[in-house]
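The structure under discussion appears below in the form of structure tokens.
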Amino acid sequence: MELLDKLNWRYASKAMNGKKVAQDKIDTIIEAASLAPTSSGLQPFEIFVITNPEIKGKIRPIAWNQSVITDCSHLLVFAAWDTYTAERINKMFDLTNSIRGTKNEGWENYRQMLLNSYPQKDAEENFNHAAKQAYIAFSQSIAAAAFEGVDSTPLEGFDADALDEILNLKEKGLRSCVMLPLGYRDEEKDWLVNLKKVRKSKEDLVTLIE
Ligand SMILES: Cc1cc2nc3c(=O)[nH]c(=O)nc-3n(C[C@H](O)[C@H](O)[C@H](O)COP(=O)(O)O)c2cc1C
């Protein structure tokens, strides 16, 4: 199947059948998130992979009681840094130096520039910036899941503060952004499965400037 066939096959599943997704597929979906581009390469987010039925059961009521939360195989939670700190920035720059085995003046100047800007900014502004990076990774996971023939439901309909509490995110310096239940569609229970995909026209989406 071509990329666009797979993306057309994908839809936001409203009902899943509880079937388990193989670990190698989950690994690929997570790896795709990790390979996403992020601003300055900071990857300012973490991904929680929940299979524990008790935790899923606690999350469902704070997520509009959406059945995919408990009927999915793996529930991914994308959580962004609550702010940018010098420690967090340095950790990623040090990691780059150690992986590449070099120290580069331009790169070190860039580190200083970030250290002189992000940590001084308002935490809410920083979180919003970090959350945007998490969404890019989230989107790559969605595409990777489709590529692997795994259904998913992008899911923002939840009480983020309540989810942060369930997963103890505050003490980790994280805030939940978005969830991605992964599993297999329940064709009988899902009202959306046979409905046509709706997208605005190319003319409404794209402006050519030639
Ligand atoms: C950030 C985001 C949050 C979403 N939240 C929910 C949600 O909480 N529940 C749900 O059923 N669908 C949710 N959706 C799915 C969208 O409604 C769906 O992607 C859109 O209607 C397009 O349909 P399609 O994905 O089936 O092509 C969300 C999608 C995105 C991208």
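What's the number of the only condition in (1) within 16 Å of the ligand (Cβ to nearest atom); (2) under 18 Å from the mean Cα position of the chain (by Cα); (3) not hydrophobic (A, V, I, L, M, F, W, C) that residue 74 fails to meet?
(1)
Of all residues in the stretch 149-160, which are touching a strand residue (DSSP E or B) at 6+ places or on another chain (Cβ under 9 Å), surrounded by fewer than 20 Cβ atoms within 10 Å (Cβ to Cβ) and charged (D, E, K, R)?
Result: 156, single match.
For the stretch 134-145, indicate whether the set of residues that are touching a Lys or Arg at 6+ places or on another chain (Cβ under 8 Å) and crowded, with 19+ Cβ neighbours inside 10 Å is non-empty.
Yes, the conditions are met somewhere in the stretch 134-145.
Here are some residues: 196, 170. Which one is surrounded by fewer than 19 Cβ atoms within 10 Å (Cβ to Cβ), over 20 Å from residue 68 (Cα atoms) and touching a helix residue (DSSP H, G or I) at 6+ places or on another chain (Cβ under 6 Å)? Show your work before the answer.
Details: 196 fails: touching a helix residue (DSSP H, G or I) at 6+ places or on another chain (Cβ under 6 Å).
The unique qualifying residue is 170.
Within the group 194, 168, which residue is more than 19 Å from residue 49 (Cα to Cα) and of a type outside the set (Lys, Arg)?
Matching residue, one of 194, 168: 194.
Is one or more of the residues making up the stretch 169-183 assigned to a loop (DSSP other than H, G, I, E, B) and within 19 Å of the chain's Cα centre (by Cα)?
So in the stretch 169-183, the residues assigned to a loop (DSSP other than H, G, I, E, B) come out as 169, 173.
Retained after the next criterion (residues that are within 19 Å of the chain's Cα centre (by Cα)): 169, 173.
Yes - at least one qualifying residue is present in the stretch 169-183.
Taking the stretch 90-124, which residues are closer than 25 Å to residue 180 by Cβ and of a type outside the set (A, V, I, L, M, F, W, C)?
124
Among the candidates 96, 51, single out the residue that is in contact with a Phe, Trp or Tyr (Cβ under 8 Å, 6 or more places away or on another chain) and either small (Gly, Ala, Ser) or more than 16 Å from the ligand (Cβ to nearest atom) (or both). Before you say what the answer is, go through the steps one by one.
Values: 51 fails: in contact with a Phe, Trp or Tyr (Cβ under 8 Å, 6 or more places away or on another chain).
One residue alone meets the criteria, 96.
Can you pull out every residue in the stretch 147-193 that is of a type in the set (A, V, I, L, M) and more than 10 Å from the ligand (Cβ to nearest atom)?
Our first condition is that a residue be of a type in the set (A, V, I, L, M); within the stretch 147-193, this holds for 150, 155, 160, 162-163, 166-167, 169, 174, 178-180, 182, 192-193.
Correct list: 150, 160, 162, 163, 166, 167, 169, 174, 182.
Quick one: which helices (runs of 4 or more DSSP H) lie wholly within the stretch 3-118 and hold at least 3 residues that are among the polar types (S, T, N, Q)?
Values: elements: 3-9, 23-34, 53-59, 68-71, 86-100, 105-115.
Fully inside the stretch 3-118 and qualifying: 23-34, 86-100.
Tell me which residues, restricted to the stretch 70-113, are surrounded by 12 or more Cβ atoms within 10 Å (Cβ to Cβ), within 26 Å of residue 140 (Cα to Cα) and among the aliphatic types (A, V, I, L, M).
75, 76, 77, 79, 80, 89, 92, 95
Taking residue 49, is it β-branched (Val, Ile, Thr) and surrounded by fewer than 20 Cβ atoms within 10 Å (Cβ to Cβ)?
yes
On the given criteria, is residue 15 under 14 Å from the mean Cα position of the chain (by Cα), among the small types (Gly, Ala, Ser), more than 23 Å from residue 166 (Cα to Cα) and buried (at least 18 other Cβ atoms within 10 Å of the Cβ)? Can you show your working first?
On the way: under 14 Å from the mean Cα position of the chain (by Cα): no; among the small types (Gly, Ala, Ser): yes; more than 23 Å from residue 166 (Cα to Cα): yes; buried (at least 18 other Cβ atoms within 10 Å of the Cβ): yes.
So residue 15 fails the test.
Read-outs: derived from the displayed coordinates by stated rules, not from any lab. Given the structure is predicted, the values throughout are model-derived calculations rather than measurements. No Cβ is skipped: glycine too gets one built from the backbone with ideal geometry, and neighbour counts run over all protein chains shown.
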